[in-house]
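First comes the structure, then the notes that go with it.
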Amino acid sequence: MTIRPDPAKIVVPRRQGEVLMEPSLCEMEAAAAHGAGGSESRRRGREHLLAAAAQWRRIIGADPPSGGAFDGPFILSGHQVEFYHPGVWAKVIIADELAKRTGGMAFDLLVDHDTVDHLGFDVPRESAGGEWAKRMIEFAPASSLPADALRAPGREQFEQWEAALASFPSTHTDTMAFWLGALAPGRETGDGGPAMGYSAWLSRARRRYEASLGIQAQHVPTSLLCAGPLWREFVHTWISHASDWTAAYNGHVEAYRRGKRIRSPNRPMPNLAREISGNGGTYELPFWIYAPGSARQRLMVETGGGASRILFQSERLGIGEVGAEDSGFVIRPRALTLTMYARLYFADFFIHGIGGALYDQITDGLLGELFGDVPSYGCVSAAWLLPLGEPADPEDVSALAHRRHHLEHNPQLALDAFTAGGPPAAVSGLLAERARLIEEIGRSLRGARRDRGEKLRRRGLFKQLHATNADLHAQMPAILRNLDHQLAAARHAAAQNKILQDREFFLGLHTTQSLRKLIRLLRG
């Protein structure tokens, strides 16, 4: 049984308490319990995943899972290593819930081969004048290096960051206090301190917070998952089928664009480069390659002469060097190949966020064509907002804008409010002139003449009508002025609420009581 989200039902939750769970939690549970089969490669994958999770637990000082069976369903989710919002965290909560329901285990993949946009998070800030804005508070500038090369802040750097955060009242939550205590270097035993890796530093804090809430999802970084014999075989298979598989990849991406009427060649991801010459060619594969501690590059391979070679830093390397400890480089998956690898070898059920659930329609086609296997997955997200502002109705702005436009061209509709005792002579004259012009325009439109002279005459009548409307508004300037004030206030309120009701604020800005409500809502 294969289930997947209905793309038509994948809508970003925006209002407080809205949850996206597609398909339903019961359907996900049935698919997870059914599993994805017990092939030899999946057996090896499960062993590798368990070993990677155990290794990571030792690194971050986490306890082993207290429940779940090693032979039960494996439920996976994943995300970049960052200070993410409750809508992303919802995937972890549901992975844990499905594992509890099916007697399985939940795993959260830390995509530590991706770059990190911000080493910190946004905080809502109110000015002395009552204006709200978002302020990014970082402990260090963003880096072009992947997360697996970044380090946690040292004591002095952390304390400066902590002090900067403390100046914002919105950070004064019990959740944030817990997180900062877990993140603080040197305040407790374990591997903390300046030398700790960024991914381990962040994972340790989140894992401790999740454990305090009864969430048992095991964290596993992709740097550990995408290593070892199974990973090498996966990469080698792509290299050995470079010509056919890159053509298939591009075909499915292009079909997705056509189906979604996407014109940009870079959405949802660009095609793989291909240059065929003679009996070989040069092909871009959907992987990253980089030396530890350096920026990522797209993986290029060259085929011909009965052999395949990796092109890296002006060198041609044999594919036998993939995964070798002394090779000087690592290969990591890009978006489609990461979920392809995870769904093929590890997950009985995979939980995506909104973006992943949409692009994995492409992965489904590739999995079916290349491997003949399309494992199930679902989509989970939520809108869990800070208690700031009031939900804004976008129709307020559009309705006022429509009313303003309508009254600008029909000023007579607002006369009663300003001329209770009857319109003054000047206004009466303008109204009579307006009525005459409208009648003239009507006769012209209904008439049989369609020559250029009539069109020019009608254009002149419209010009006179606009001038008359302007003269009427000059007699009653408060009509549009009041509407302009209302429209400006509505637009300002909408802009402020876009900040205050932003669903992407870090989960640590919420109280634990609020997050427990989210957990109860998601668990059903």
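Within region 123-147, which residues are open to solvent by 50 Å² or more (accessible area, probe 1.4 Å) and under 21 Å from the mean Cα position of the chain (by Cα)? If the condition is that a residue be open to solvent by 50 Å² or more (accessible area, probe 1.4 Å) and under 21 Å from the mean Cα position of the chain (by Cα), then 134, 135, 136, 138, 142, 144 are the ones that fit.
Exactly one residue among 58, 43, 15 is surrounded by fewer than 18 Cβ atoms within 10 Å (Cβ to Cβ), at pLDDT 95 or above and not small (Gly, Ala, Ser), and that residue is 58. Residues of region 475-505 that are assigned to a helix (DSSP H, G or I) and acidic (Asp, Glu): 484 alone. On inspection, residue 223 does not qualify as in contact (Cβ under 8 Å) with a residue 40 or more places away in the chain, in contact with a His (Cβ under 8 Å, 6 or more places away or on another chain) and under 30 Å from residue 513 (Cβ atoms). Candidates in region 299-335 are the residues that are of a type in the set (Lys, Arg) and without any contact (Cβ under 8 Å) to a residue 24 or more places away in the chain; of these, the one that is least open to solvent (accessible area, probe 1.4 Å) is 309. No other residue among 223, 243 is over 21 Å from residue 146 (Cβ atoms), polar (S, T, N, Q) and out of contact with any Lys or Arg (no Cβ under 7 Å at 6 or more places or on another chain) apart from 243.
Which residue is farthest from residue 70 (Cα to Cα), if the candidates are limited to region 348-361 and must be surrounded by 22 or more Cβ atoms within 10 Å (Cβ to Cβ) and over 12 Å from the mean Cα position of the chain (by Cα)? Among those residues, the one meeting the criterion is 360. For region 196-243, residues that are among the hydroxyl-bearing types (Ser, Thr, Tyr) and open to solvent by less than 10 Å² (accessible area, probe 1.4 Å) total 5.
Is it the case, given these coordinates, that residue 152 is open to solvent by less than 50 Å² (accessible area, probe 1.4 Å), closer than 27 Å to residue 289 by Cβ and in contact with a strand residue (DSSP E or B) (Cβ under 7 Å, 6 or more places away or on another chain)? Considered against the rule, which asks whether it is open to solvent by less than 50 Å² (accessible area, probe 1.4 Å), closer than 27 Å to residue 289 by Cβ and in contact with a strand residue (DSSP E or B) (Cβ under 7 Å, 6 or more places away or on another chain), residue 152 comes out as yes. When residue 492 is tested against (1) open to solvent by less than 80 Å² (accessible area, probe 1.4 Å); (2) closer than 28 Å to residue 84 by Cα, just one condition goes unmet, and that condition is (1).
Pairs under 9 Å by beta carbon, first residue open to solvent by 50 Å² or more (accessible area, probe 1.4 Å) in region 464-481, partner among the small types (Gly, Ala, Ser), six or more apart or different chains? Every condition considered, the pairs that remain are 471/426; 475/426.
When the residues of region 78-114 are filtered to those that are in contact with a strand residue (DSSP E or B) (Cβ under 6 Å, 6 or more places away or on another chain) and among the β-branched types (Val, Ile, Thr), which remaining residue is surrounded by the most Cβ atoms within 10 Å (Cβ to Cβ)? Among residues in region 78-114 that are in contact with a strand residue (DSSP E or B) (Cβ under 6 Å, 6 or more places away or on another chain) and among the β-branched types (Val, Ile, Thr), the one surrounded by the most Cβ atoms within 10 Å (Cβ to Cβ) is 94.
Report yes if residue 153 is more than 27 Å from residue 334 (Cβ to Cβ), of a type outside the set (Asp, Glu) and part of a loop (DSSP other than H, G, I, E, B), otherwise no. Considered against the rule, which asks whether it is more than 27 Å from residue 334 (Cβ to Cβ), of a type outside the set (Asp, Glu) and part of a loop (DSSP other than H, G, I, E, B), residue 153 comes out as yes. Please list, ordered by first then second residue, the pairs with beta carbon atoms under 8 Å, 6 or more apart or interchain, first in region 114-134 and closer than 26 Å to residue 151 by Cα, second open to solvent by 50 Å² or more (accessible area, probe 1.4 Å) and among the small types (Gly, Ala, Ser). These pairs meet every condition: 115/142; 115/144; 116/142; 117/142; 118/142; 119/142.
For region 12-112, the helices (runs of 4 or more DSSP H) that sit wholly inside it and include 3 or more residues that are among the charged types (D, E, K, R) and in contact (Cβ under 8 Å) with a residue 24 or more places away in the chain are 40-60, 86-102. If only residues of region 283-318 that are closer than 29 Å to residue 197 by Cβ and not in a strand (DSSP E or B) are counted, the one that is farthest from the chain's Cα centre (by Cα) is 313.
Restricting region 246-281 to residues that are open to solvent by 20 Å² or more (accessible area, probe 1.4 Å) and of a type in the set (A, V, I, L, M, F, W, C), the residue that is nearest to the chain's Cα centre (by Cα) is 269. Scanning region 206-228 for residues that are assigned to a loop (DSSP other than H, G, I, E, B) and either farther than 13 Å from residue 51 by Cα or of a type in the set (Lys, Arg) (or both) turns up 213, 214, 215, 216, 217.
Identify, from the list 460, 508, 429, the residue that is closer than 30 Å to residue 134 by Cα, assigned to a helix (DSSP H, G or I) and either at pLDDT 85 or above or open to solvent by 60 Å² or more (accessible area, probe 1.4 Å) (or both). Among 460, 508, 429, only 508 is closer than 30 Å to residue 134 by Cα, assigned to a helix (DSSP H, G or I) and either at pLDDT 85 or above or open to solvent by 60 Å² or more (accessible area, probe 1.4 Å) (or both).
The values are calculated or read from the model by the stated rules, or taken from the named source; none is laboratory data. Quick caveat: nothing in here was measured; it's all calculated off a predicted structure. Because the Cβ atoms are built from the backbone with ideal geometry, glycine has one as well, and the counts that use them run over all protein chains shown. Accessible surface areas use protein heavy atoms only, side chains included; no ligands, DNA or RNA. Shrake-Rupley method; radii C 1.70, N 1.55, O 1.52, S 1.80 Å.
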